[in-house]
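What follows is calculated from the coordinates using simple rules that are stated; it is not laboratory data. All figures in this text were calculated on a predicted structure; none of them were measured in a lab. In this analysis, Cβ positions are derived from the backbone assuming ideal geometry, glycine residues included, and neighbour counts consider all displayed protein chains.
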Amino acid sequence: MSDWLWLGFVLLAVQPMIRQRILVAMRARLFSRIEERRGSRLISLVHRQETMSFLGIPVFRYIDVDDSEQILRAIHLTDAEVPIDLILHTPGGLALPSTQIARALSRHTGKVTVFVPHYAMSGGTLIALAADEIVMSEHAVLGPVDPQIGSVPAASILRAIERKPIAEVEDETLILADQGEMALNQLKQTIHDITSDRLAEHVRDALASDLSEGRWTHDYPVTVEQARKLGLTVTTAMPPEVLELMALYPQPIRRQPSVEYSPGRRGARAG
């Protein structure tokens, strides 16, 4: 009996490792298929909620310097004329790595296409702005890129001090407002720089203002229709292989799934 128990423990211990290796192999095969079909370099930036070892503590992923290092390396290893396809699925992240990725993509000679199967918010949207073409699923969304000072939108800090006499504003708030103004100016300049080859100046000005000055809350969903009105080149021709690839980045398994359905496409019944 003890031998069977030990065997059970060993199987439980190695099962996640085996499952992960199978997923990695499946993703590699699908990567190769997409690259061969499109003649491009395919890069994915996918952030899922993960679980730490046996503690079950949720870890929320976001764009960080490690992501920028990996993507910049992939761009460097891609010939200038080779198209780049980037799959984005992220809640956003740090301004520095997001800006680095966006600037590197905007300077790539070959066509850059960003695929947004579900959402690319904040820093993810900034990266998407650097693309020659944005491909979104019909109900996918982008988001505002307004800079945050701590956990507070920079635009809100600036509006707050405008509504009070300067003598009634604390020094710390004035310092935060100064930082907020610098952050806004820097972000607007970045948007201008990464879209200069594709958008007219008046479109760039309007785009930078709409997305950075606090017109919407930071988690406001910018739909396909709104993105087009902002002057972005957006299509909804999402390749099925991209959605298939997203299924190979699963969330941690829950005890009880919250969403269930029968897999496969379901069409209308014949009369």
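For D67, what charge total do you get from the other residues with a beta carbon under 13 Å from its beta carbon, if Lys and Arg give +1 and Asp and Glu give -1? Intermediate values should be presented prior to the final figure.
Numbers: positive: R61, R73; negative: D64, D66, E69.
Overall, the nearby charge balance is -1.
Only the Cβ atoms of Lys and Arg (+1) and of Asp and Glu (-1) were treated as charged; on that basis the dipole of the stretch 143-271 about its Cα centre amounts to roughly 1020 debye.
Using the Cα gyration tensor of the stretch 112-271, with a ≥ b ≥ c the square roots of its eigenvalues, what is the shape: rounded (a/c below 1.5), prolate (a/b larger than b/c) or oblate (neither)? Prolate, since a/c reaches 1.5 and a/b exceeds b/c. The slack between D219 and R48, meaning 0.36 nm per residue of separation minus the straight C-alpha distance, is 59.8 nm.
Which FRET efficiency, nearest 0.05, do R103 and E35 yield, Cβ-Cβ r, R0 30 Å?
Numbers: r = 24 Å, r/R0 = 0.79.
Rounded to the nearest 0.05, the efficiency is 0.80.
Paramagnetic label reach from H118 (point 7 Å along Cα→Cβ; backbone nitrogen cut-off under 18 Å): within the stretch 233-249, residues 238-249.
Rounded to the nearest 5, the antiparallel percentage of DSSP beta bridges internal to the chain is 25%.
Taken as entire DSSP H runs, the helices of the chain that both span 15 Å or more between Cα atoms along their own long axis and average -1.0 or more on the Kyte-Doolittle scale are 2-38, 65-76, 95-106, 171-195, 201-212.
For the peptides 136-143, 151-158, 212-219, 163-170, the ranking by mean Cβ contacts within 10 Å, running from highest to lowest, is 136-143, 151-158, 212-219, 163-170. By the helix-only formula, in which each DSSP H run with n ≥ 4 contributes -39500 (n - 2.57) and the sum is divided by residues, the chain has a 222 nm mean residue ellipticity of -15000 deg cm²/dmol.
Distance between the 7 Å Cα→Cβ label points at K164 and D197: 4.6 nm.
Our estimate of slack between R228 and D64, defined as 0.36 nm per intervening residue step minus the Cα-Cα distance, is 56.2 nm. In a reduced charge model with +1 at each Lys and Arg Cβ and -1 at each Asp and Glu Cβ, the chain shows a dipole moment near 1320 debye about its Cα centre.
In the set (i) 18.6; (ii) 19.3; (iii) 20.9, the label that goes with Kirkwood radius over Cα pairs in Å computed for this structure is (iii).
Quick check: from the Cα gyration tensor, does the stretch 196-244 come out rounded (a/c under 1.5), prolate or oblate? Could the numbers behind the result be given before it?
Values: a/c = 2.89, a/b = 1.46, b/c = 1.98.
Oblate.
Oblate is the label for the stretch 91-159, because a/c, from the alpha-carbon gyration tensor with a ≥ b ≥ c as root eigenvalues, is 1.5 or above and a/b does not exceed b/c.
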